[in-house]
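Notes for the one structure printed next.
The values are calculated or read from the model by the stated rules, or taken from the named source; none is laboratory data. Source: prediction; values computed, not measured. Cβ placement follows ideal geometry from the backbone for every residue including glycine, while neighbour counts extend to all protein chains displayed. Surface accessibility is based on the protein's heavy atoms, side chains included, excluding ligands, DNA and RNA. Shrake-Rupley method; radii C 1.70, N 1.55, O 1.52, S 1.80 Å.
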Amino acid sequence: MRLCVGFDLDMTLIDPRPGMVVAMDRLAEETGFAFDGERFAANLGPPLASVLREFGAPADRIGELVSRFRADYPDLVVPRTVALPGAEEALAAVRAAGGRVLVVTGKYAPNAARHLDALGWSDHVDELVGDLWAAGKATALTAHGAQVYVGDHTGDVAGARAAGARGVGVATGPCSHAELRDAGAHTVLGSLAEFPGWLESAFGGSPSVTGTAGPAEPLR
C-alpha cells in the first residue's frame, strides 16, 4: 500500500489567527452579537457553527452567520495567514518518500483550497477534504487510505484513532503536548520542523507500508 499522510490545516500547516480575529470581530460588529475574535482564534478546531452556538448565537441564525463569515473569509483571513514552521518541508518529505498528501480539515473546503493556492501548495497536496471534525475525519482518512494523520488538536487525534491511523500530534495549536499524548497520539512533535525526521524513523523513507497503526502508544 502506498504511503498516504493526512494533515490538518489550521494551526498544523497554517496560522490563520490574525485573520480569524478580524473576521469574527467583523461578524460581531455587523450583527451585534457578542462574538470574541481573540477567544475564537485562540481555540481553533471545532466547527464554526458549534463555536457560534457557544457564543450564544440563536439557532435559527447559525446558517446565515456561517455564510456571512465564509463570504468575508477570502478577503479577511487568507491574506493574513502564514505557513507554520516546517509545514512546506513536511509536505515535501511525504512527496519525496513517494507518498501522497491528504489535507482533512474542519474548514469550509473552498476556503481551505484558497489557502493552499495562496501558499503555493496546491501542487503538493493530492486531496483536500473539508467540513470534517474529530472522529468524523476518519471518513476521509479511511477513504483515502491514510496511514498517518497529523494535527494540533485532540479532535485530530480522535480522527486518527477512529481511522486506525497513526496519530501524530503537533503542539502548535490550542492543545498541549500532554493533552495530545493523553488523547492517544502515537507521538507528539514540537512543530512540523521535526516531521521529516519522524517520517524517516517511522517508515524509512519507503513509499510502501503495510498494516495499521496498532495500539495507541509512542513509536519513539
For residues that are farther than 15 Å from Arg68 by Cα and over 21 Å from the mean Cα position of the chain (by Cα), scanning just the range 26-52, find the one that is most open to solvent (accessible area, probe 1.4 Å). Ala34
Tell me whether the range 31-50 contains one or more residues that are touching a residue at least 12 places away in the same chain (Cβ under 8 Å), under 17 Å from Asp152 (Cβ atoms), in a loop (DSSP other than H, G, I, E, B) and charged (D, E, K, R). no
